[in-house]
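Everything below concerns the one structure shown next.
The values are calculated or read from the model by the stated rules, or taken from the named source; none is laboratory data. Computed from a prediction, not measured in an experiment: that's the story for all the values here. Cβ atoms come from the backbone with ideal geometry, glycine included; neighbour counts cover every protein chain shown.
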Amino acid sequence: MQRRDFLFGLAAAPFAALAAPPASMKGIEELQKNWKAFLPAGAAVPSPGEALKLSKDEWKKRLPPESYRVLREEATERSGTSPLNEEKRAGLFACAGCGLPLFTSEMKFESGTGWPSFFTTIPGVFEMKKDFYLIYPRTEYHCIRCGGHHGHLFDDGPQPTRQRWCNNGVALRFIPKDGSKV
Ligand SMILES: [Zn+2]
């Protein structure tokens, strides 16, 4: 099979393995409370309160160039380029800058935008800021631990939250729950 056919095949299968969002806000709260169930056995993760502050040079050394541009310079990756668009395994999506868990696989949905998208987040992991790059204001969100830019929040997501956290894949690191290799 040629690579093009393979990609086309993935696009045609609408993420059958992803569950639909819970019907109620109570269900969303349950997903948020339950995030630690997605940690691989024995995994230690940082908490939002342990701030990670590094110099520009230190970030450059620590991050691949494409992640640096998004996290530290607020660039946006090209739509459809992230392998995480197709990631359907159970696990956590952590900040590629500092390792803080941000979303679980239960919070992901197929938005059709070509960016990994989520209808809610692990609570207390982002700070919000308005930007005006596209003339109209957009709500931009940053990792609370390292300040890294992740993406933008829109209000056209699925019920019941209607949130669409549109995240750059290069700003995330996927941690499979079963401890398997990424
Ligand atoms: Zn971070």
Fill in: Index of the failed condition, residue 42 passing every other in (1) closer than 23 Å to residue 92 by Cα; (2) within 12 Å of the ligand (Cβ to nearest atom); (3) not charged (D, E, K, R)
(2)
Practice prompt. Search region 111-128 for residues being in contact with a Leu (Cβ under 9 Å, 6 or more places away or on another chain), closer than 25 Å to residue 49 by Cβ and modelled with pLDDT of 95 or more, and hand back the single one that is farthest from the ligand (Cβ to nearest atom).
Written response: 120
Practice prompt. Kindly indicate the residue of region 81-110 that is of a type in the set (Gly, Ala, Ser), within 11 Å of the chain's Cα centre (by Cα) and within 16 Å of the ligand (Cβ to nearest atom) and also surrounded by the fewest Cβ atoms within 10 Å (Cβ to Cβ) among those meeting that condition.
Written response: 94
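Conditions (1) in contact (Cβ under 8 Å) with a residue 12 or more places away in the chain; (2) touching a helix residue (DSSP H, G or I) at 6+ places or on another chain (Cβ under 6 Å), marked per residue:
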| position | (1), (2) |
| --- | --- |
| 25 | yes, no |
| 36 | no, no |
| 46 | yes, no |
| 53 | yes, no |
| 72 | yes, yes |
| 83 | yes, no |
Discussion item. From the list 77, 73, exactly one residue is modelled with pLDDT of 95 or more, among the acidic types (Asp, Glu) and either within 16 Å of the ligand (Cβ to nearest atom) or in contact with a His (Cβ under 8 Å, 6 or more places away or on another chain) (or both). Which is it?
Written reply: 73
